[in-house]
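The structure appears right after this line, and notes come after that.
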Amino acid sequence: MNSNIRLATIDDLDAINNIYNYEVLNGIATFDVQERTYEEAEAWFNEHDEQDHPIFVYELDDEVIGYCSLSTYRKLDAYAQTSEISLYIANDFKSQGYGRLLANYVLEYAKENTQNHNIIAVITSENLISINLFFSLDFKDGGTIEECGKKFGKLLGITNLYRILN
């Protein structure tokens, strides 16, 4: 158990949104090209629940430096046991092991506390650090869709990874 990791609360939303919006404006971890407003972030937050679709934050010295969520994969009932994992770490704290700790924690939580059977990661194909992280967490290759998004004037692909929990 990592005491730096806890369930997110609405009070964390500004920090979560700042981390996300940094990637919107500067990175390729998301294909969003418009900053997410607080109201949009609040709607996203309210779509999550502790049972099957939690959001966890990594807190260091009273500062949220990252978050990891399990979200509904598709809104059809047949997908109820499948969730999409999203992981974001503040720019100043990347490549220091916090993402691995947070993702591992969320996967263990999912295995023990949720109805999830399959966890899917949809990662920008050029984001090799994230792809390699998820491969190291026992995710399998679910295929790549090339040149399906455009950001910063460049066509980018997505790589789908998955992990069966049981």
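The values are calculated or read from the model by the stated rules, or taken from the named source; none is laboratory data. As the structure is a computational prediction, the values presented were derived from the model and not from experiment. Here Cβ is always computed from backbone atoms with ideal geometry, including for glycine, and neighbour counts include all displayed protein chains. All accessible areas refer to the heavy atoms of the entire protein, side chains included, with ligands and DNA or RNA removed. Shrake-Rupley method; radii C 1.70, N 1.55, O 1.52, S 1.80 Å.
Residues that are outside any strand (DSSP E or B), open to solvent by less than 40 Å² (accessible area, probe 1.4 Å) and over 21 Å from Asp92 (Cα atoms) within the stretch 22-59 comprise Ala41, Phe45, His48, Asp52, Pro54, listed in sequence order. Only a single item in (1) in contact (Cβ under 8 Å) with a residue 24 or more places away in the chain; (2) under 17 Å from the mean Cα position of the chain (by Cα); (3) over 23 Å from Gln34 (Cβ atoms) is not met by Leu128, and it is number (1).
So which residues in the stretch 137-166 are hydroxyl-bearing (Ser, Thr, Tyr) and either farther than 28 Å from Phe93 by Cβ or more than 16 Å from the chain's Cα centre (by Cα) (or both), if there are any at all?
Result: Thr144, single match.
Show the residue pairs that are 6+ apart or on different chains and have beta-carbon atoms under 6 Å apart, the first residue being within the stretch 1-21 and crowded, with 18+ Cβ neighbours inside 10 Å, the second being part of a strand (DSSP E or B) and hydrophobic (A, V, I, L, M, F, W, C). The qualifying pairs are Ile5/Phe56; Ala8/Ile55; Ala8/Val57; Asp12/Val57; Asp12/Val64; Ala15/Val64.
Within the set Asn116, Asn160, the sole residue that is over 30 Å from Asp61 (Cβ atoms), open to solvent by less than 80 Å² (accessible area, probe 1.4 Å), in contact (Cβ under 8 Å) with a residue 12 or more places away in the chain and assigned to a loop (DSSP other than H, G, I, E, B) turns out to be Asn116.
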